[in-house]
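Take a look at the structure below.
The values are calculated or read from the model by the stated rules, or taken from the named source; none is laboratory data. As the structure is a computational prediction, the values presented were derived from the model and not from experiment. Methodologically, a virtual Cβ is constructed for each residue, glycine included, from the backbone with ideal geometry; neighbour enumeration extends over all protein chains shown. Please note that ligands, DNA and RNA were not included when accessible areas were found on the heavy atoms of the full protein model with its side chains. Shrake-Rupley method; radii C 1.70, N 1.55, O 1.52, S 1.80 Å.
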Amino acid sequence: IMADDKDVLRDVWFGRIPACFTLNQDEVTEREAEPYYLLLPRVSYLTLVTDKVKKHFHKAMRAEDAEEMWFEYEGTPLKWHNPIGVLFDLHASNTVLPWSITVHFKNFPERELLHCPSNSVIEAHFMSGIKEADALKHKSQVVNDMQKKDHKQLWMGLQNDKFDQFWAINRKLMEYPTDEGGFRYIPFRIYQTTSDRPFIQKLFRPTSPEGTAHTLGDLLREMYPVALPTDGEPKRYQVVIQGIEPLPETPLQWLSEHLSHPDNFLHICVTPVPSD
């Protein structure tokens with residue numbers, strides 16, 4: 001990898017969002033529960049990095065009043081199975097920092113959230129994402145050639161925030177034969193707040209049949225054309241990946257190799273431009 005590309009990987013991995021967790025007012029407490037401040041890693045999962053939040057609020061509560069912890073932002077339950085950066089870019093990218101998250105210990109929204117009783121649930125979810133991505137990229141050949149300990153190293157790297165440990169294995173998932181110009185298909189998901197669909201995900205190749213590189217703009221034109229600005233019109237949507245708005249002419253293969261989340265998917269958030 002070129003040196004500056006390695007820096008991109010590092011910047012993505014170490015991206016942080018300052019957050020302020022406040023206990024929902026309806027919770028029964030024994031004493032005043034102060035807000036809890038935390039720097040959230042963009043590439044991780046809410047339920048994986050909030051043990052301290054749980055302990056903090058448990059101190060102010062009786063054990064029988066604390067059921068499964070869940071999070072909400074301005075009335076929207078936050079789906080922990082999406083990476084933290086995706087939740088922020090989708091729901092809060094125009095908010096004033098720190099990101100203000102409400103913590104709940106009762107009335108779990110069964111219809112909107114998956115239960116997360118333990119870290120092994122997060123690990124299973126994360127690994128199934130990696131396997132699905134590799135099925136798209138390499139017909140599963142890379143992930144299937146790995147040993148169990150390699151799979152474990154990917155997970156431990158994410159869980160313990162170890163960049164080098166993670167990338168020592170993940171770089172194998174980012175390789176492709178030079179003559180092919182990219183992966184078989186690009187693993188991506190497009191999220192938007194204006195729809196009930198969880199996301200758009202279809203097959204899309206990194207290059208055209210003639211061998212030219214497809215761009216982010218090409219992908220959007222095919223999957224979600226309203227996201228692209230029309231000539232002479234004011235911009236209606238922001239297209240955000242890892243907290244930044246890449247230019248539409250950015251090659252999709254490059255984005256897939258550098259701005260994917262640890263699950264190897266390119267998570268693309270399309271949100272309306274805020275009206276001031």
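Below, the figures for the structure above:
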quantity	calculated
Residues of region 200-212 satisfying the condition of being in contact (Cβ under 8 Å) with a residue 24 or more places away in the chain and not small (Gly, Ala, Ser)	ILE200, LEU203, PHE204, PRO206, THR207
Meets criteria (of a type in the set (A, V, I, L, M), under 30 Å from GLU257 (Cβ atoms) and in a loop (DSSP other than H, G, I, E, B)) for VAL12	no
The one condition in (1) touching a helix residue (DSSP H, G or I) at 6+ places or on another chain (Cβ under 7 Å); (2) open to solvent by 20 Å² or more (accessible area, probe 1.4 Å); (3) at pLDDT 95 or above that TYR237 fails to fulfil	(3)
Pair list, Cβ < 6 Å and 6+ apart or interchain, from region 71-95 residues that are within 16 Å of ARG111 (Cβ to Cβ) to residues that are of a type in the set (S, T, N, Q)	GLU72/THR102; TRP80/THR47
Count of region 53-80 residues which are part of a helix (DSSP H, G or I) and buried (at least 18 other Cβ atoms within 10 Å of the Cβ)	3
Number of the condition not met by HIS58 [criteria: (1) more than 16 Å from TYR191 (Cβ to Cβ); (2) out of contact with any strand residue (DSSP E or B) (no Cβ under 9 Å at 6 or more places or on another chain); (3) touching a residue at least 24 places away in the same chain (Cβ under 8 Å)]	(3)
Residues (closer than 18 Å to ILE241 by Cβ and within 13 Å of the chain's Cα centre (by Cα)) located in region 80-134	ASN82, PRO83, ILE84, GLY85, VAL86, LEU87, PHE88, ASP89, LEU90, HIS91, GLY129
Breaking point among (1) closer than 19 Å to LYS106 by Cβ; (2) open to solvent by less than 50 Å² (accessible area, probe 1.4 Å); (3) touching a helix residue (DSSP H, G or I) at 6+ places or on another chain (Cβ under 9 Å), for GLU30	(2)
Flag if LYS106 is modelled with pLDDT of 95 or more and of a type in the set (D, E, K, R)	no
Of all residues making up region 174-194, the number that are open to solvent by 70 Å² or more (accessible area, probe 1.4 Å) and either free of Cβ contacts under 8 Å to residues at least 60 places away in the same chain or under 20 Å from VAL143 (Cα atoms) (or both)	6
Given (1) β-branched (Val, Ile, Thr); (2) farther than 29 Å from GLN153 by Cα; (3) open to solvent by 10 Å² or more (accessible area, probe 1.4 Å), number of the condition VAL270 does not satisfy	(3)
Qualifying residue in region 44-52 (condition: assigned to a strand (DSSP E or B) and open to solvent by 70 Å² or more (accessible area, probe 1.4 Å))	no
